[in-house]
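Peer 1: Just dropping this structure here.
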Amino acid sequence: MVELVSDVHEIKAQQRAGWDAVSAGWDTALETFERGAMSATRRLLELGGVREGQTVLDLGTGVGEPALTAATLVGPSGRVVGLDFSSSMLAIARRRGAALSNVEFVEGDLEYVDFPERSFDVVLSRWGLMFAVDRSSMFERLRKIIVPGGVLAAAVWGPASSVPMLQLGFEPLVARLELPPPPPGAPGPFSMSDGDQVAHELKAAHFSEVSVTEFTVPFRVASMQEYADMTKALTPPSIKNMIKERFGSVDDPATWKAVGETVAPYAKNGEISLPSTALCIRAVA
Ligand SMILES: C[S@@+](CC[C@H](N)C(=O)[O-])C[C@H]1O[C@@H](n2cnc3c(N)ncnc32)[C@H](O)[C@@H]1O
């Protein structure tokens, strides 16, 4: 855990700028990503028991999931709030949800939510919580904003090796750019991949009926090219700049060819299947 306040501010500023910068890429890659990711949304809605009339919060909503799907379930008598700290991501979510009157998207940090106590029946998050710097205090805050008996239902990633959708394309970038490994304990996509540890943290924050279960997200891409295009769209500008510096262009063909080729062994029957392990958390406030 990061101790120094100045470090936290710095980490947050960098994280926010990074997400703002990749928001257009998330928009571009939406169809490819949701082909698999929508099943994780459905799993979370099931785990959360989301139903008509409820008030639901989606943390780290990005371009709008699972908030938008939750809004269709809670109906006109319910309400969904999608929260993210990236204003660029939120702009896309708002565009996507423009036709829905029961969902709003607000800017905020998922670690420092300041809604009144007992505001939500269900709190959801699909691949957002892993970016928290201090999970213990986040879980404490989240429990308080959920009604007693309400549910936190969230997906985080399992270990990197079980998430080919993200990890395969990253490997050639690490190798070609000689990227150092992230510092241990740093927030990031795989920072919650130890399910036992996560369960322990939730219980310490006084959640009950805690479960952390594996869920296979059935990601599929049509071709190596589609995988390379998606990876490129989601690659942060800091890494793209390194590609440009080292190889002369962000579009360096050898780099993206190497990225695409990582999924070749997963090709079968005319498509490429990249089943990836999410850990699905369910905890009762
Ligand atoms: C991997 S994306 C997931 C987006 C969306 N939930 C989905 O599944 O498509 C993570 C999102 O969490 C947001 N995020 C990361 N850290 C955050 C924080 N501390 N507070 C609010 N949002 C955060 C990012 O801006 C980004 O939109």
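Peer 1: Based on this model, can you work out whether L83 counts as crowded, with 22+ Cβ neighbours inside 10 Å, without any contact (Cβ under 8 Å) to a residue 40 or more places away in the chain, within 20 Å of I11 (Cα to Cα) and near the ligand (Cβ under 10 Å from one of its atoms)? Spell out the reasoning first.
Peer 2: Details: crowded, with 22+ Cβ neighbours inside 10 Å: yes; without any contact (Cβ under 8 Å) to a residue 40 or more places away in the chain: yes; within 20 Å of I11 (Cα to Cα): yes; near the ligand (Cβ under 10 Å from one of its atoms): yes.
In short, yes.
Peer 1: Is it the case that V284 is in contact with a Gly (Cβ under 8 Å, 6 or more places away or on another chain), at pLDDT 95 or above, buried (at least 16 other Cβ atoms within 10 Å of the Cβ) and farther than 21 Å from P189 by Cβ?
Peer 2: Yes: the conditions hold for V284.
Peer 1: Anything in segment 135-165 that is aliphatic (A, V, I, L, M) and either assigned to a strand (DSSP E or B) or under 15 Å from the mean Cα position of the chain (by Cα) (or both)? List them, or say none.
Peer 2: In the first step, residues of segment 135-165 are kept if they are aliphatic (A, V, I, L, M); the result is 138, 142, 145-147, 151-156, 160, 163, 165.
Correct list: I146, V147, V151, L152, A153, A154, A155, V156, A160, V163, M165.
Peer 1: OK, next. Answer yes if at least one residue in segment 35-53 is more than 13 Å from the chain's Cα centre (by Cα), at pLDDT 95 or above, within 14 Å of the ligand (Cβ to nearest atom) and of a type in the set (D, E), and no otherwise.
Peer 2: No, there is no match, as no residue in segment 35-53 is more than 13 Å from the chain's Cα centre (by Cα), at pLDDT 95 or above, within 14 Å of the ligand (Cβ to nearest atom) and of a type in the set (D, E).
Peer 1: Do we have any residue at all in segment 65-76 that's more than 11 Å from the ligand (Cβ to nearest atom) and outside any helix (DSSP H, G or I)?
Peer 2: Scanning segment 65-76 turns up at least one residue that is more than 11 Å from the ligand (Cβ to nearest atom) and outside any helix (DSSP H, G or I).
Peer 1: In segment 130-139, what residues are more than 12 Å from the ligand (Cβ to nearest atom) and surrounded by 15 or more Cβ atoms within 10 Å (Cβ to Cβ)? Please lay out each step first, then the result.
Peer 2: First, the residues of segment 130-139 that are more than 12 Å from the ligand (Cβ to nearest atom): 136-137, 139.
Result: F139, single match.
Peer 1: Looking at segment 105-129, which of its residues are in a loop (DSSP other than H, G, I, E, B), within 9 Å of the ligand (Cβ to nearest atom) and without any contact (Cβ under 8 Å) to a residue 40 or more places away in the chain?
Peer 2: Selection gives G108, E111, Y112.
The values are calculated or read from the model by the stated rules, or taken from the named source; none is laboratory data. Only a predicted model underlies this, so the values are computations on that prediction, with no experimental measurement involved. Here the Cβ is made from the backbone with ideal geometry for all residues, glycine too, and neighbour counts use every protein chain on show.
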